[in-house]
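Comments concern the structure below.
The values are calculated or read from the model by the stated rules, or taken from the named source; none is laboratory data. The shown structure was predicted, so the numbers you read here are calculated from the model rather than taken from an experiment. Cβ atoms come from the backbone with ideal geometry, glycine included; neighbour counts cover every protein chain shown. The accessibility values were calculated without ligands, DNA or RNA, using every heavy atom of the protein model including side chains. Shrake-Rupley method; radii C 1.70, N 1.55, O 1.52, S 1.80 Å.
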Amino acid sequence: MENRKWPKWAVEAIEIEPPNPDWTEMGRAEVKELLHSLSPFGVKEVEHVGSTAIRDLPAKPIIDVMAMVPSFDDLDEIAGRLGEDQWHFVPVELDIRPWRRFFIKVENERRVAHLHLMLAGEPRWAQQRSFRDRLNVNPSLREEYAELKKHLAHQFPDDREAYSEGKAAFIQRVLDGSEM
């Protein structure tokens, strides 16, 4: 394996924090800022998603937002513009999710936000919204997800991929509607 010195924020441990009512406003602020920054690239939709967009849910204190782009053709220019605001582009070969382009916003050597750029028509756009919305209206699902996240963070504190994979079956069950 390549011996590489990663920045501190790239390898920080997974820490789940109690729900924070400020996350909603922080999400709104990121959405507003990104709409302004990305509108020259044809972006008209930006949404706060992920655990910090679900009320009363413990989460990693990282605001997840998604933005719909007409194409990935302007990615270098987008990365340059976002870099001015401390967003770091994660190359596709490291992200291993070809359906999106991924950015991490860093402040004081810590992740504070993730940006998922997606093309119009990408099914994951609707899935992210649906998952957020279903958990926001279903306290028992929210509680189950909170326990799963805490367990996985304890089991895989330094392995973001394993943490994410551990949530996949629950997320799919919610999206399939089989939790009812």
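Report the extension gain between HIS36 and ASN136 in nm, rounded to one decimal, defined as 0.36 nm multiplied by the number of residues separating them, less their alpha carbon distance.
33.3 nm
Report, in whole Å, the centroid distance computed from the Cα atoms of the range 31-85 and the range 9-29.
Spelled out, the Cα-based centre of one part sits 15 Å from the other.
For LYS44, go through the lysines and keep the ones whose alpha-carbon is under 19 Å away, minus same-chain ones fewer than eight residues off.
Straight-distance partners of LYS44: LYS32.
Restricting to the range 84-142, compute how many DSSP beta bridges are antiparallel as a %, nearest 5.
100
Quote the relative contact order of the chain in percent (integer), defining contacts as alpha-carbon pairs under 8 Å separated by 6+ residues.
Relative contact order here is 22 percent.
Report relative contact order for the range 45-91 in percent, whole number only (criteria: Cα-Cα under 8 Å, sequence separation at least 6).
It comes to 29 percent, rounded to a whole number.
In straight Cα distance, which lysines are under 20 Å from LYS8, not counting same-chain residues fewer than 8 positions off?
LYS60, LYS105
State, to one decimal in nm, how far the label point of ARG55 lies from the label point of GLU109, with both points 7 Å from Cα in the Cβ direction.
In this crude spin-label approximation the distance works out to 3.8 nm.
For the chain, what proportion of DSSP beta bridges, expressed in % and rounded to the nearest 5, is antiparallel?
In the chain, DSSP labels about 70 percent of beta bridges as antiparallel.
Please state the relative contact order of the range 46-135 as a whole percent: Cα pairs under 8 Å, 6+ residues apart?
31
For a quick protection proxy, order the peptides 151-162, 127-138 by their average other-Cβ count within 10 Å, most packed first.
127-138, 151-162
At a Förster distance of 30 Å, what's the computed FRET efficiency of LYS167 paired with ARG81, Cβ-Cβ distance as r, to 0.05?
About 0.45, to the nearest 0.05.
With a 1.4 Å probe and all protein chains in place, put SER140, SER71, SER51 in order of accessible area, largest first.
Reading off the accessible areas and sorting them downward yields SER140, SER71, SER51.
Give the carbon-plus-sulfur fraction of the accessible surface of the range 54-180 in %, rounded to a whole number; probe 1.4 Å, heavy atoms of protein chains only.
Ligands and nucleic acids excluded, carbon and sulfur give 49 percent.
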